[in-house]
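The values are calculated or read from the model by the stated rules, or taken from the named source; none is laboratory data. What you are looking at is a predicted structure, and each value in this text was computed from that prediction instead of being measured. Cβ: placed from backbone, ideal geometry, glycine included. Neighbour counts: every protein chain shown. To get the accessible areas, we keep the full protein, side chains included, count just its heavy atoms, and leave off ligands, DNA and RNA. Shrake-Rupley method; radii C 1.70, N 1.55, O 1.52, S 1.80 Å.
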Amino acid sequence: MKIPVIGVEAWLNDWDRLAKWDISESTIASLTMDEIRQLDGEGGATLDEEVAKATMDYGWIEGSAAFKDEVRKLYTTDIAPSRILQTNGCTGANLNALLSVVEPGDHVIAEYPTYAPLYEIPRMLGAEVEYWHIREDLGWRPDMAELRRLVRPDTKLICINNASNPTGTVLSADTIREIADIARSVGAYVLCDEVYLPMENTEDYVSLADVYEKAIVTNSISKTYSTPGARIGWVIADDQIADRIRHYRDYTMICGGVFNDTLATYVLRHRDKVLERNRKIIFGNRDIAQEWIDAQPRVSWIPPKGVSTSFVRFDIPVDDEEFCLHLIKDTGVLLVPGSRFDMPKGARLGYCARPEVLREGLRILGEELAKFD
């Protein structure tokens with residue numbers, strides 16, 4: 001079986017550890033273990049206690065009861081614990097969900113461009129994949145009329161990313177409900193990758209899990225909760241799909257690990273403190289980035305709506321990948337070329353790095369762009 005390269009992951013695999021100024025990542029400034037330990041107000045004593053008494057066996061195969069309880073609190077609907085399955089990050093959640101739903105010949109509609117596995121995995125599994133395009137003229141949102149034209153009586157699955165990677169665009173609650181209505185009209189599932197939680201205009205955001213009975217929602221503690229190193233995510237689905245996912249998990253991961261489960265549960269239990277910290281980073285850093293962009297004649301963006309990933313346009317006479325390659329090799333500044341998302345002439349800007357990293361990375365980037373003047 002030939003598996004397409006995920007452009008963004010291949011790029012980061014090659015260059016991530018060489019970066020001096022990493023302004024490419026979509027995580028909100030990853031927490032250190034020291035910062036994590038301070039979340040409980042007791043210097044990590046509660047975490048230490050949990051770890052000390054843990055037995056390093058396989059643990060809870062599909063996630064501990066405590067973990068599932070914290071996940072349930074993220075949604076307004078009363079979700080049965082049996083419908084929540086722990087995974088290896090949101091990547092593992094998406095993989096296991098798609099393996100469990102998509103069969104050869106199925107009709108799949110996928111938001112495009114976005115995180116490539118949402119359309120490449122269904123294609124790899126033999127589905128007929130049609131793209132539902134995000135449009136720059138609509139603020140990087142898709143056109144609902146296009147979705148209505150694409151959907152068919154035999155549509156099996158619609159894949160979306162809310163908020164979107166790399167643009168940082170958030171679909172409104174009304175839009176999510178409209179997508180659910182369209183899917184419901186043909187009995188299609190909707191897979192929604194919700195790994196980026198918006199932290200502004202929250203009254204206009206809703207999880208698909210809270211509005212659609214055939215929703216498959218994936219998430220993790222990697223982006224919004226700044227703990228990608230734990231590699232813990234989850235998938236929520238109806239009973240039928242959840243049982244299928246259990247089957248595939250036995251092939252792809254077995255369990256998330258006792259320590260990782262404990263750490264993820266602890267982080268989610270103290271999510272209010274994490275979110276308070278991360279709101280300051282998002283809003284402060286977005287102001288830094290906006291001030292920089294306003295002074296740059298060759299850069300523009302549609303500001304992200306309170307999420308940690310963003311896309312910037314470059315007006316330069318060279319290919320975006322060529323420019324980003326020069327940037328990392330010669331200056332140590334890391335961006336992800338837009339072409340790695342099938343969005344040429346730009347780059348993913350991980351503006352939620354630590355502020356001092358963002359400022360220096362943007363300063364150097366500005367100097368390199370000025371050489372085209």
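I need the peptides 321-329, 25-33 ranked by packing, meaning the mean over residues of other C-beta atoms within 10 angstrom, with the highest value on top.
Peptide ranking by packing, descending: 25-33, 321-329.
Can you pull out the GluC sites (Glu not before Pro) in the range 30-66 that DSSP calls coil and that have at most 13 other Cβ atoms within 10 Å?
Sites meeting the loop and neighbour criteria: E42.
Viscosity 1.002 mPa s, temperature 20 °C: give me the Stokes-Einstein translational D for the range 218-373 in µm²/s, with Rh taken as the Kirkwood radius over C-alpha pairs.
119
So, with a 1.4 angstrom probe, what is the percent of accessible area on the chain that is carbon and sulfur?
About 51 percent, which is the carbon plus sulfur part of the accessible surface.
Sort the following peptides by mean Cβ neighbour count (other Cβ atoms within 10 Å, averaged over residues), highest first: 159-169, 132-142.
Averaged packing, sorted descending, gives the order 159-169, 132-142.
Counting only DSSP beta bridges with both residues in the chain, tell me the antiparallel percent, nearest 5.
50
Counting other Cβ atoms within 10 Å, keep those with at most 11, restrict to DSSP loop, and tell me which GluC sites (Glu not before Pro) in the range 177-264 are left.
E213
Near G43, within a Cβ-to-Cβ distance under 11 Å, what is the net charge of the other residues, with Lys and Arg +1 and Asp and Glu -1?
-3
Can you list the HN-Hα couplings for the range 250-267, worked out from phi with the Karplus curve (6.51, -1.76, 1.60; θ = phi - 60°), rounded to whole Hz and with x for Gly and Pro?
Taking θ as phi minus 60°, the curve returns 4, 8, 9, 7, 6, 8, x, x, 4, 5, 5, 4, 4, 5, 4, 4, 4, 5 Hz for the range 250-267.
For the chain, what does -39500 (n - 2.57) per DSSP helix run (n ≥ 4), summed and divided by total residues, give at 222 nm, in deg cm²/dmol to the nearest 500?
Rounded to the nearest 500, the figure is -12500 deg cm²/dmol.
Taking H as built 1.01 Å from N, whose amide H comes closer than 5 Å to the amide H of D106, not counting residues under 5 places away?
E128
Compute the accessible area per residue over the range 55-270, keeping the other protein chains in place, probe 1.4 Å, unit Å².
36
Apply the Karplus curve 6.51 cos²θ - 1.76 cosθ + 1.60, θ = phi - 60°, to the phi angles in the range 336-346 and return the couplings in whole Hz, x for Gly and Pro.
Whole-Hz 3J(HN,Hα) from phi for the range 336-346: 9, x, x, 4, 6, 10, 6, 10, x, 6, x.
Taking K73 as the anchor, which lysines have their alpha carbon closer than 26 Å to its alpha carbon, excluding any fewer than eight residues away along the same chain?
Partners within reach: K53, K214, K223, K273, K280, K305.
What whole-number distance in Å separates the alpha-carbon centres of the range 138-170 and the range 1-77?
Going from one Cα centre to the other spans 28 Å.
Among H133, P297, F259, flag the residue with its Cα farthest along the positive direction of the charge dipole of the chain, charges on Cβ as +1 for Lys/Arg and -1 for Asp/Glu.
Among H133, P297, F259, the one farthest towards the positive end of the dipole of the chain is F259.
For T76 and R298 in the same chain, what is the full-extension length gain: residue separation times 0.36 nm, less their Cα-Cα distance, in nm?
That works out to 75.6 nm of additional length.
Show me, for the range 89-101, the HN-Hα J-couplings you get by feeding each phi into the Karplus relation (A = 6.51, B = -1.76, C = 1.60, θ = phi - 60°), rounded to Hz, glycine and proline as x.
x, 6, 4, x, 5, 4, 4, 5, 5, 5, 4, 7, 10
Dimensions of the chain along principal axes (Cα, Å, largest first)?
Result for the chain: principal-axis Cα extents of 59, 56, 42 Å.
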